[in-house]
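Reading through the structure tokens given below for one structure.
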Amino acid sequence: MSSLNIIIVNWNTRELLKACLESTVRSLTLSDYMITVVDNCSHDGSAEMVKERFPKVNLIRNGSNLGFAKANNQAIEVSDSKFILLLNSDTVVTEGSVETMMEAMKKNQEIGILGPSLAYPDGRIQLSFYDDPTPARELYRAFFMEKLSNIRNRRRVEKKGPIYSDWIMGACMLIRREVIDAIGLLDDKVFMYYEDFDICLRARKAGWKVACLPEARIIHFENASGKKKFSTERETRSAQSLAYFYTKHYPPQKLFFLRTVRAVEALSRIFIFSIIYAFKRNEDHLCRVRSYYSLLKGFVLKNPAINDEDSSR
């Protein structure tokens, strides 16, 4: 039994994955760890690169893109490590960060899931922990008021010690094996988005704490495998996943409120970006108009589909 299994799900991020693996191997001082890469049918040579350059890495090759949760679960199920680190391929691991997180969890047995602070490549702090997406907070977000909460949370990262939160971003998430044994795997009924919120909420319901550790810092390029401009697919997929988890965790009236909030948000954004596009003729603004129209039609007015293997994280 190894002390740590680092699981990286990849889809067409060959160069980023290479940098991630290089930084991970270079920065870790642990002797009993393993790395597992789950490749979701990449067509950019990612799997071949791992096999050639990192022969000690366990490689799982899928015949199709199974999505984020299902791919992670493949590796978790065959792992007996005491700790499991879910790591995005678009991250760079800094020296001592993983060991610092593991040491913090060993000292505080109440923490079941722990994340680092995340930073952009230029050093700017990235928001990596959040409050639960309750209807009230979704309303704040729809009217841009979430920025006030984000500013407060970014200031909290400047302090030392674990910051207890509702959920942390799945870009880098250290999980105790006992948590998985108690609450189960990631929910793979959704293809992508909000799986991190779901597992953190289930862990908290089971009595564990969720925290971010500012002393541990990971570089995160953010959304590399789904790198697009403002995307209809991404916005709709995110809304669908949130609706699914609302149905799972909250009473029906909260899902109705969520749909209402998203309808108001979509209509207001269509109005705003239509006016901007009329004056600036910027294709990105037109894309946003179309995206919010599709969101309104496909999510607010219909029941959301859940798992779709034609999408990507």
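The values are calculated or read from the model by the stated rules, or taken from the named source; none is laboratory data. Since the model is a prediction, treat every value here as computed from it, not as a measurement. Cβ atoms come from the backbone with ideal geometry, glycine included; neighbour counts cover every protein chain shown.
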Answer yes or no as to whether Asp188 is buried (at least 18 other Cβ atoms within 10 Å of the Cβ), touching a Lys or Arg at 6+ places or on another chain (Cβ under 6 Å) and at pLDDT 90 or above.
yes
Among the candidates Ser268, Ser294, single out the residue that is within 19 Å of Leu139 (Cα to Cα) and either modelled with pLDDT of 85 or more or more than 22 Å from the chain's Cα centre (by Cα) (or both).
Ser268
Filtering region 180-214 for residues that are in contact (Cβ under 8 Å) with a residue 24 or more places away in the chain, within 27 Å of Ala239 (Cα to Cα) and outside any loop (DSSP other than H, G, I, E, B) leaves a count of 14
Leu174 is checked against (1) farther than 21 Å from Thr91 by Cα; (2) modelled with pLDDT of 95 or more and fails just one. What number does that condition carry?
(1)
Give all pairs with beta carbons closer than 7 Å in which a residue from region 240-254 that is farther than 20 Å from Ala203 by Cβ meets a residue that is modelled with pLDDT of 80 or more; count only pairs at least 6 apart in sequence or on separate chains.
Lys254/Tyr246
Subset of region 46-61, residues surrounded by fewer than 19 Cβ atoms within 10 Å (Cβ to Cβ) and either outside the structural domain of Lys18 (by TED's automatic domain parsing) or farther than 13 Å from Ile35 by Cα (or both), comes to Glu48, Glu52, Arg53, Arg61
I need the full set of residues from region 67-118 which are in contact with a Leu (Cβ under 6 Å, 6 or more places away or on another chain), within 13 Å of Arg177 (Cβ to Cβ) and not hydrophobic (A, V, I, L, M, F, W, C), in order please.
Ser81
Among the candidates Ala104, Ala71, residue that is surrounded by fewer than 20 Cβ atoms within 10 Å (Cβ to Cβ) and at pLDDT 95 or above:
Ala104
Which residue out of Trp167, Trp208 is in contact with a strand residue (DSSP E or B) (Cβ under 8 Å, 6 or more places away or on another chain), surrounded by fewer than 22 Cβ atoms within 10 Å (Cβ to Cβ) and modelled with pLDDT of 90 or more?
Trp208
Return a yes/no flag: does region 16-35 have any residue that is β-branched (Val, Ile, Thr), in contact with a Ser or Thr (Cβ under 7 Å, 6 or more places away or on another chain) and either assigned by TED's automatic domain parsing to the domain that holds Phe197 or crowded, with 23+ Cβ neighbours inside 10 Å (or both).
yes
Scan region 41-77 residue by residue and report those that are of a type in the set (A, V, I, L, M, F, W, C), assigned to a loop (DSSP other than H, G, I, E, B) and within 22 Å of the chain's Cα centre (by Cα).
Cys41, Leu66
